[in-house]
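Presented below is the structure to which this report refers.
The values are calculated or read from the model by the stated rules, or taken from the named source; none is laboratory data. These numbers come from a predicted model, not from an experiment. Every residue, glycine as well, gets a Cβ built from its backbone with ideal geometry; the counts of neighbours run over all protein chains shown. Surface areas here come from the heavy atoms of the whole protein model, side chains and all, with no ligands, DNA or RNA. Shrake-Rupley method; radii C 1.70, N 1.55, O 1.52, S 1.80 Å.
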Amino acid sequence: MKAAGGLVVASAALVSIAAAVAALVPADAARGQARAAASRNDFAFDGPMIQGGTVLGTAPALTSRLTFNGQDVQVAPDGRFLIAFDRDAEPSATIIATRVDGSTVRRALAVQPRAWRIERLNTLPRISQPSAEFQRRRPGEVAQINAARAIRSASQGWRQRFMWPVTGRISGLFGSQRIYKGEPGSYHSGVDVARPSGTPVIAPADGVVILAAQTPFTLEGRLLMLDHGMGLNSAFLHLSRIDVQVGDVVRRGQTVGAVGATGRATGPHLHWGMKWNGARIDPLLIAGSMPVTAD
């Protein structure tokens, strides 16, 4: 959650590794996929099998149950599904489709590792002692975040090509981490984009508002969370304002708030975090390279 000039500044080379995971699916294309799935005897995958990445897939025909590393995965009526790999995902994963006749299709997936940016601070302690106010408020904030992430909507945003919610200089990369006197701190759980306070923030894809904290949280400040369906959600931190309410259905490109510096932030920026079920994933791999901006 570092602001401009914070822990990590993305280089052009790092930004260029990003690739969008999903494309918009027109009705004709969806029907074509459904027909293809009817004759499919194996999986089809689209997306980077890499730590922090997401993958869209099509299940074998007549799949009645799908599991990914033992976890049940929802399958859409057209056979499409979504899986993702945590920042610290193991080198291999297993996906199993069970068909209506009891037969199974099993695939072993190789997960590409990534070289995370690590900064070693051998003279600084890991953290300062949290205040009594923080200790009083934090459990309730965490409970609200966890309750929001447990919500499952029927949004189809997970199928779409994701946009950047705000464009600008990337000042913090997903997965970066500091080591304090040999003790690792928490890794950076999202992407930071440095922009002035008041810069509009848009929905990167269709979604349903599952949390809109108008009273700033101790760490996240004004926090907005969207559910994109299939267990995929976005969190936007440090906002100066939130323009939507819990339960609102928002569309890709719709303004939902504005950049700020609320919560634990040293300057105005947007922190965009994403999770798929329990896996923390890299928004850069979903939204692709940052568009060139005029300012």
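It is to be established whether one or more residues within the stretch 108-122 are within 30 Å of residue 65 (Cβ to Cβ), of a type in the set (S, T, N, Q) and in a helix (DSSP H, G or I).
No, the stretch 108-122 contains no residue that is within 30 Å of residue 65 (Cβ to Cβ), of a type in the set (S, T, N, Q) and in a helix (DSSP H, G or I).
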Condition (residue is open to solvent by 80 Å² or more (accessible area, probe 1.4 Å), modelled with pLDDT of 95 or more and closer than 23 Å to residue 156 by Cβ) applied to the stretch 76-96: is it met by at least one residue? yes
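Per-residue answers, yes or no, for (1) open to solvent by 20 Å² or more (accessible area, probe 1.4 Å); (2) at pLDDT below 55; (3) part of a loop (DSSP other than H, G, I, E, B); (4) under 26 Å from residue 270 (Cα atoms):
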{"position": "3", "(1), (2), (3), (4)": "no, yes, yes, yes"}
{"position": "14", "(1), (2), (3), (4)": "yes, yes, no, yes"}
{"position": "37", "(1), (2), (3), (4)": "no, yes, no, no"}
{"position": "41", "(1), (2), (3), (4)": "yes, no, yes, no"}
Which of the residues spanning the stretch 158-169 are touching a strand residue (DSSP E or B) at 6+ places or on another chain (Cβ under 6 Å), farther than 17 Å from residue 279 by Cβ and outside any loop (DSSP other than H, G, I, E, B)? 169
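Find the residue count for the stretch 53-80, including only residues that are more than 22 Å from the chain's Cα centre (by Cα) and assigned to a strand (DSSP E or B). Can you show your working first?
Kept after step one, since they are more than 22 Å from the chain's Cα centre (by Cα), are these residues of the stretch 53-80: 59-65, 77-79.
Right, trim to assigned to a strand (DSSP E or B) and you get 63-65.
Total satisfying the criteria: 3.
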Could you tell me how many of the residues in the stretch 195-233 are under 20 Å from residue 285 (Cβ atoms), open to solvent by 10 Å² or more (accessible area, probe 1.4 Å) and in a strand (DSSP E or B)? 1
Take the residues of the stretch 146-175 that are open to solvent by less than 20 Å² (accessible area, probe 1.4 Å) and either among the β-branched types (Val, Ile, Thr) or without any contact (Cβ under 8 Å) to a residue 24 or more places away in the chain (or both): which is farthest from residue 118 (Cα to Cα)? 166
In the stretch 280-295, what count of residues is obtained for those that are buried (at least 23 other Cβ atoms within 10 Å of the Cβ) and either touching an Asp or Glu at 6+ places or on another chain (Cβ under 9 Å) or among the acidic types (Asp, Glu) (or both)? 2
Residue 59 fails exactly one of (1) hydrophobic (A, V, I, L, M, F, W, C); (2) under 20 Å from residue 229 (Cα atoms); (3) crowded, with 20+ Cβ neighbours inside 10 Å; (4) modelled with pLDDT under 95, namely (4)
By residue number, the members of the stretch 84-102 that are β-branched (Val, Ile, Thr) and either part of a strand (DSSP E or B) or at positive phi (or both) are 94, 95, 96, 98
Of all the residues that make up the stretch 234-256, how many are hydroxyl-bearing (Ser, Thr, Tyr) and either assigned to a loop (DSSP other than H, G, I, E, B) or buried (at least 20 other Cβ atoms within 10 Å of the Cβ) (or both)? 2
Which residue out of 256, 292 is without any contact (Cβ under 8 Å) to a residue 12 or more places away in the chain and closer than 25 Å to residue 160 by Cα? 292
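Does the stretch 184-191 contain any residue that is open to solvent by 70 Å² or more (accessible area, probe 1.4 Å), at pLDDT 95 or above and of a type in the set (A, V, I, L, M, F, W, C)?
There is no residue in the stretch 184-191 that is open to solvent by 70 Å² or more (accessible area, probe 1.4 Å), at pLDDT 95 or above and of a type in the set (A, V, I, L, M, F, W, C).
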Which one is modelled with the lowest pLDDT among residues in the stretch 117-145 that are among the hydrophobic types (A, V, I, L, M, F, W, C) and open to solvent by less than 50 Å² (accessible area, probe 1.4 Å)? 121
Those residues of the stretch 257-275 which are closer than 15 Å to residue 148 by Cβ and buried (at least 24 other Cβ atoms within 10 Å of the Cβ), in sequence order: 274
